[in-house]
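For reference, the structure is listed below as structure tokens.
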Amino acid sequence: MTRASMTESRLGFLLGVAAYGLWGAFPLYWPLLEPAGAIEILAHRVLWSMVTLGLLVVLLRRHHQLAAIMRTPRTRRLLTVAAAVIGVNWATYIWGVNNGHVVEAALGYFINPLVTVLMGVLILHETLRPLQWLATGVALTAVVVLTLDYGRPPWVALVLAFSFGTYGLAKKQANTPAVESLAFETIVLAPVAAAYLAFLVATGNSAFGTHGVGHALLLTTTGAVTAIPLICFGAAAIRLPMVTLGLLQYLAPIIQFALGVLLFHEDMPVGRWIGFAMVWVALSVFTVEAIRHRHRQLRLTAEACAV
């Protein structure tokens, strides 16, 4: 490996840590926007993200790529689905964080890789390897354990995991660059967000501007807060192997879990610890198997090229 490639890899790693670290720190940010409700925060996030990403599209001269998305019916349909489910994901996460469910939100992102694999089997008819089935089985058992502990299904975690899994599936099928695709998604959601904010203003229930200039300015930062980790992630993705990026994804839920337990002091009875431990075992099996499979594929490819 040359010095230049090592420098690029190191930069990619730092950018990946920055992206997932920022996403992990989100539980510290959303409560700052209260007393605005979760849906009002979501509406502001959509509109300010649209403005921020629109500026990025112009500055990066990506308007031709955005126009191409709008001209392609199949891509438009897929990204409209993506917009709908990411709206559900954002709303659920903001509500969960602002209502004492930070640990449960972290669980959603812990199980997301396993949910994505399961969706690949059910929707794309992909075949799982034996250890992947084992990891999925352990994770499903963990959900049952956590359901018994909570006295209800961990619906915040499940909605987050399945909505983000569906989002990833739609984005994979659309196969479009991150900035332009998210810009399109916010354009799709913007009319609904604007209508909701207009309704709040008309009924006198808007939090924007009624709690001081500082609070109003904080609401406008939701666009930058959405865009910055996305940009870091995009820059990391082109510099890092997928295995490294896959391992880094666990950084965000680890930070969220630590914040929920250590800072917000959310309850963690024995049953909940057992459920989370089972999830972590499932993720360990899944990750180790994925790394071994990747190395095996690379070795076979190298041997084939050597023949």
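No value in this document is a laboratory result; all are computed from the given coordinates. Since the model is a prediction, treat every value here as computed from it, not as a measurement. Cβ: placed from backbone, ideal geometry, glycine included. Neighbour counts: every protein chain shown.
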With a point put 7 Å past each Cα toward its Cβ, work out how far VAL17 is from ARG299 in nm, to one decimal.
-> 3.1 nm
Shape call, region 175-278: gyration tensor on alpha carbons, a/c limit 1.5 = oblate
Mind checking which of ALA194, ILE228, THR147 is farthest towards the positive end of region 87-236's charge dipole, using Cβ charges of +1 (Lys, Arg) and -1 (Asp, Glu) about the Cα centre?
-> THR147
Max mean-square fluctuation residue, GNM over the chain, Cα-Cα springs under 10 Å, options GLN297, GLN173, GLN256 | GLN297
What is the distance in Å between the Cα centres of region 253-307 and region 9-49?
-> 23 Å
Which ³J(HN,Hα) values in Hz, rounded to whole numbers, follow from the phi angles of region 142-151 under the Karplus curve 6.51 cos²θ - 1.76 cosθ + 1.60, where θ = phi - 60° and Gly and Pro get x?
-> 4, 5, 4, 4, 5, 4, 5, 5, 6, x
Trypsin sites (Lys or Arg not before Pro) restricted to region 39-119 and DSSP loop, no more than 13 other C-beta within 10 Å | ARG61
First select every other residue whose beta carbon is under 13 angstrom from the beta carbon of PRO27; then total the charges, Lys and Arg +1, Asp and Glu -1.
-> -3
GLU34 to ALA195: FRET efficiency via 1/(1 + (r/R0)^6), r the Cβ-Cβ distance, R0 35 Å, to the nearest 0.05?
-> 0.95
Calc'd 3J(HN,Hα), region 203-215, phi into Karplus 6.51 cos²θ - 1.76 cosθ + 1.60 (θ = phi - 60°), Hz, glycine/Pro = x, comes to 9, x, 10, 6, 8, 6, x, 9, 10, x, 5, x, 5
Size of the dipole of region 165-307 about the Cα centre, Lys and Arg at +1 and Asp and Glu at -1 on the beta carbon, nothing else charged, in debye to 20?
-> 460 debye
Relative contact order for the chain: what is it in percent, counting Cα pairs under 8 Å that are at least 6 residues apart?
-> 40 percent
Hey, what do the phi angles of region 23-29 turn into as Karplus ³J(HN,Hα) couplings, whole Hz, using 6.51/-1.76/1.60 and θ = phi - 60°, x for Gly and Pro?
-> 4, x, 7, 3, x, 7, 8
Gaussian network model of the chain, springs between alpha carbon atoms under 10 Å - residue of ALA174, ALA38, ALA252 with greatest fluctuation = ALA174
